[in-house]
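**Q** Have a look at this one.
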Amino acid sequence: MRSLNLRMARIALAAFPLLAGEVALGQTAPLEMKGVQLGGTAVDVKALFPDAWCRHGSCGIDVYELQVKKCGQQPASACWSSVGNAFQFGPVTPSTYRFNAVDGRFGELRVVFYASYFEDVVAALKIKYGEPTSVRMEVMGSAPRGRVVEWSHPAGMIAALQHGLGTDSVVLMQNHEWITQQQAQRRRATKDAASKL
């Protein structure tokens with residue numbers, strides 16, 4: 001049954017129980033995923049999801065592996081649906097959730113979905129966070145790589161990255177500290193690579 005999952009490309013989506021708590025127009029919804037907010041900790045995740053794994057302050061939930069563990073290799077079963085529904089994002093069941101920590105607190109939230117659900121994911125984000133700040137095409141060399149849909153947020157940013165049907169696509173929620181740290185790491189890596197030339 002793993003091949004069933006591998007045949008479908010996925011979208012990594014970071015963060016939130018969209019549609020679960022729609023906000024009135026003009027309000028700012030917190031950056032969260034299934035009740036776990038940016039700035040949360042492994043303790044928060046384990047309280048909500050006892051089956052989550054946590055290492056070095058970061059946590060994750062592999063929905064497919066959890067379905068196999070609890071239900072066996074029977075994806076058409078009611079058990080699989082029940083486990084999947086517990087982790088739904090709007091109308092979509094993700095394959096994984098990741099909560100990545102900076103100094104023990106989550107600076108990035110991400111979820112992986114099948115790429116065929118990209119429009120559903122973007123629609124759910126629009127319901128919770130309003131119209132996106134920008135929509136653009138990501139290019140590698142001269143070839144389009146996929147769409148990028150972004151939302152600015154007082155706490156950080158949200159980005160839905162569609163890399164096509166053959167690879168994972170990503171939606172991220174990141175706070176300003178995480179973004180700053182990642183930019184600094186890229187600058188150091190670029191500097192290190194240049195010094196080796």
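Please treat every number below as a calculation from the coordinates, not as lab data. Bear in mind the structure is a predicted one, so any value in this text is a computation, not a measurement. When we count neighbours, we look across all protein chains shown, and the Cβ atoms used for this are built from the backbone with ideal geometry, even at glycine.
**Q** Which shape class applies to segment 80-139: rounded if a/c is under 1.5, otherwise prolate when a/b exceeds b/c and oblate if not, where a ≥ b ≥ c are the square roots of the Cα gyration tensor eigenvalues? Walk me through the numbers before you get to the answer.
**A** Details: a/c = 1.75, a/b = 1.06, b/c = 1.66.
It is oblate, given that a/c is not under 1.5 and a/b is not larger than b/c.
**Q** Run the quick spin-label model on Glu177 and Lys196: label points 7 Å from Cα toward the beta carbon, then report their separation in nm to one decimal.
**A** 3.1
**Q** Continuing with this model, one more query. If Lys and Arg each add +1 and Asp and Glu each add -1, what is the summed charge of the other residues whose beta carbon sits under 11 Å from the beta carbon of Leu109? Don't skip to the answer; put the middle values down first.
**A** Details: positive: Lys34, Arg98, Arg110; negative: Glu32, Glu108.
My count for the surroundings of Leu109 gives +1.
**Q** Next question, about the same structure. What's the exposure ranking of Lys196, Lys128, going from fewest to most Cβ atoms within 10 Å?
**A** Details: Lys196 5, Lys128 20.
Taking fewest neighbouring Cβ atoms as first place, the list is Lys196, Lys128.
**Q** Say the cut-off is 31 Å between C-alpha atoms; which of Lys34/Lys191; Lys34/Lys70; Lys46/Lys128; Lys70/Lys126 go over it?
**A** Numbers: Lys34/Lys191 38 Å; Lys34/Lys70 20 Å; Lys46/Lys128 25 Å; Lys70/Lys126 33 Å.
Correct reply: Lys34/Lys191; Lys70/Lys126.
**Q** Calculate, for Cys54 and Ala86, the FRET efficiency according to 1/(1 + (r/R0)^6) with r their C-beta to C-beta distance and R0 25 Å; round to the nearest 0.05. Write out the running numbers ahead of the final one.
**A** Working: r = 18 Å, r/R0 = 0.73.
Rounded to the nearest 0.05, the efficiency is 0.85.
**Q** Could I ask something else about it? Please report Arg145, Arg136, Arg105 as a ranked list, fewest other C-beta atoms within 10 angstrom at the top and most at the bottom. Kindly include the intermediate steps, with their values, before the conclusion.
**A** Numbers: Arg145 15, Arg136 10, Arg105 18.
Lowest to highest Cβ neighbour count: Arg136, Arg145, Arg105.
**Q** Between Asp103 and Lys126, what's the calculated FRET efficiency when r is the beta-carbon distance and R0 is 35 Å? Round to 0.05.
**A** Efficiency at R0 = 35 Å is approximately 0.60.
**Q** Quick one: net charge of Val139's neighbours, Cβ under 13 Å, K/R +1, D/E -1? Mind dumping the intermediate values first?
**A** Numbers: positive: Arg136, Arg145, Arg147; negative: Glu138.
Its environment carries a net charge of +2.
**Q** Another question about this same structure. Which order, highest average first, do 58-66, 85-93 follow once you tally other Cβ atoms within 10 Å for each residue and take the mean per peptide? Provide the component values of the computation, followed by the final result.
**A** Numbers: 58-66: 19.6, 85-93: 17.6.
In descending order of packing, they fall as 58-66, 85-93.
**Q** Search the structure for amide H atoms under 5 Å from the amide H of Leu172, placed 1.01 Å from N in the peptide plane, and list their residues when 5 or more places away or on another chain.
**A** Correct list: Ala14, Ala159, Ala160, Leu161.
**Q** Please arrange Tyr114, Tyr97 by counting, for each residue, the other beta carbons lying within 10 Å of its beta carbon, fewest first.
**A** Numbers: Tyr114 21, Tyr97 26.
Ranking Tyr114, Tyr97 by Cβ neighbours within 10 Å, fewest first, gives Tyr114, Tyr97.
**Q** Would you please give the residues with an amide H less than 5 Å from that of Lys34, counting only those at least 5 places away or on a separate chain, with H modeled from the backbone geometry?
**A** Result for Lys34 returns Phe16, Leu18.
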